[in-house]
Amino acid sequence: MSENSYQEITDDQKAIIEMVHQFVDEQIIPNAEHFDAKDEFPEDIVEQMKELGLFGAMIPEEYGGMGLDLSTYELIVEELSRGWISISGVINTHFIGAYLLDKFGNDEQKQKYLPKMATGEMRAAFSLSEPEVGSDVQGIKTGAKKGDDGKYEINGQKMWVTNGLGSSLVFLLVKTDNDASPAYKGMTCFITEKEPWVGENTGEYAGLTVPPKIKKMGYKGVESTELVYDGYKCPAENILGGEEAGLDKGFGQMMDALEVGRVNVAARGVGIAQRALELALKYSQERKTFGKPIAQHQAIQFKLADMATKLEAARLVTRKAARMKDAGIRSDLEAGMAKLIASETGKEVVEDCFRIHGGYGYSKEYEIERLYRDAPLLLIGEGTSEIQRMVIGKKLLERNKI
Ligand SMILES: Cc1cc2nc3c(=O)[nH]c(=O)nc-3n(C[C@H](O)[C@H](O)[C@H](O)COP(=O)(O)OP(=O)(O)OC[C@H]3O[C@@H](n4cnc5c(N)ncnc54)[C@H](O)[C@@H]3O)c2cc1C
């Protein structure tokens, strides 16, 4: 964590963050290059994260989790993303699934899944996007229909599912009423179970296929996949919140989860920008041109100044959004602002660090090359910058109606 930023954190938060910071320095940063180059799932690192209890970070203690608030979780994600954003990707969708269960799940669902999720024995994915639909969530086509056996048959194709192969649970948004107007009133969130790391599910999970992972420019190690539901049978009790409470309520549930998800992506932007600043500060004091370290050229110092200033602003907005959510204050506007400023800052600070590295920034021998491929994802996931501006604009007008 940057020493010179004004920190309003509690002693408990400080202890957790110091632990995660050390873990990142010792286990993630030295190994990220290996897993990135091979696009290999970082199994060893994930096992250690399970031991540290990170998969249960926000899961209540009664279900075996740490029961942390969003503000503390946000600090953890900053740290993990300083190491490698793919690592935060492994727990991001899991965190959203746990949030959905904790907030909207019924007692049976919580008892059944949260203890295993807290240990990381079961990992979760969440799936809205489809090949033809991302931003316009109400346009999804995947549907579920109740059969005579009382189960819902799910058919359709999902896209860009982070942890799509290794997860055991997918929080899946589908259409349950095609005639609903507006469309969001006919959408339901199902908790679909699957075999982790299995492409072709069989037995009780038959009808769910996971095609080979999508090849990406960055964000390696954590898999992004399609999911093909073709006659997959899901029991009615796996509707989030139960059939009575949850049928046709999925859109609102998912949008609520996306709000905390946006704070989480903002934290990733802060984390990757923090790492880029650290690398730039180091390199610019080592590299000499025209007889002095490049950090002594005013143009480079100004770049460093802008990087640190933007980072600090993004960090403060992100932490404010998390604190507001914890305090139960409406924070949709702030979460959108945090996601927008922190993801754009992540990309800009990484690009400045890349420029400061000159030609070496283009070499795979320097960490910044990976950050440069990783950072753009944050502009897209959990709603693009254009979508954030739409959210911010709409909420601003709602709050300031004349
Ligand atoms: C690596 C990766 C991991 C992902 N993980 C997940 C996941 O786990 N689960 C999941 O459900 N999804 C996931 N996504 C999908 C992601 O949420 C979508 O890609 C994103 O929401 C954008 O949707 P799209 O790609 O369909 O773009 P589109 O919606 O087609 O948008 C294309 C462009 O048009 C712009 N645009 C769209 N509508 C408007 C408008 N009304 N006004 C102005 N501009 C507009 C967009 O901002 C964008 O620039 C992931 C994506 C990636 C790349």
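Structural remarks
- Tilt relative to the chain, helix 11-23 - C-alpha long axis, 0 to 90 degrees, to 10: 80 degrees
- Summed side-chain charge close to N163 - residues other than N163 whose Cβ falls under 9 Å, Lys, Arg +1, Asp, Glu -1: 0
- Phi-derived couplings, Karplus 6.51 cos²θ - 1.76 cosθ + 1.60 at θ = phi - 60°, listed residue by residue for the range 379-391: 6, 10, x, 6, x, 5, 4, 4, 5, 4, 5, 5, 5 Hz, with x used for Gly and Pro.
- Chain lengthening between A37 and K146 when straightened (0.36 nm per residue, less Cα-Cα): 34.7 nm
- Computed over the Cα atoms of the range 95-217, the ratio of the radius of gyration to the Kirkwood radius (Rg/Rh) comes to 0.95.
- Cα-Cα over 19 Å, subset of K141/K216; K175/K233; K116/K145; K145/K175: K141/K216; K116/K145
- Tail fraction, Cα-Cα pairs, the chain, threshold 31 Å, whole percent: 37 percent
- Amide H contacts under 5 Å for M159, placed H, 5+ residues apart: S129, E130, L227
- Scalar couplings 3J(HN,Hα) for the range 332-339, obtained by applying the Karplus form with A = 6.51, B = -1.76, C = 1.60 to θ = phi - 60°, are 4, 4, 5, 5, x, 5, 4, 4 Hz; x denotes Gly and Pro.
- Of the GluC sites (Glu not before Pro) in the range 311-379, those whose Cβ has at most 11 other Cβ within 10 Å and which sit in DSSP loop: E365
- Gain in span if fully extended, Q157 to S385, counting 0.36 nm per residue against the direct Cα distance: 79.6 nm
- Placing R0 at 51 angstrom, the Cβ-Cβ distance between D11 and D179 gives a FRET efficiency of 0.40 after rounding to 0.05.
- In a fully extended conformation the segment linking T119 and R373 would gain 88.3 nm over its present Cα-Cα distance, using 0.36 nm per residue.
- Modelled FRET efficiency - R0 41 Å, V133 with E278, Cβ distances, 0.05 increments: 0.60
- Set of aspartates and glutamates with alpha-carbon distance to K347 below 12 Å, sequence-local pairs under 8 removed: D374
- C-alpha long axis of helix 250-286 to longest principal axis of the chain, angle in °: 20 degrees
- Exposed trypsin sites (Lys or Arg not before Pro) absent: longest stretch of the chain, with sites in DSSP loops and at most 13 other Cβ within 10 Å deemed exposed: 1-214
- The range 94-107 - phi-based ³J(HN,Hα) in whole Hz, Karplus 6.51/-1.76/1.60, Gly and Pro as x: 5, 4, 5, x, 5, 4, 4, 5, 5, 7, 10, x, 8, 4
- Rg to Rh, two decimals, where the range 107-162 supplies the alpha carbon set and Rh follows Kirkwood: 1.08
Quick note: the coordinates plus some simple rules give every number you see, no bench work behind them. Every value quoted in this text rests on a predicted model; they were computed, and no experiment measured them. Note that each Cβ is placed from the backbone with ideal geometry, even for glycine, and that neighbours are counted across all protein chains shown.
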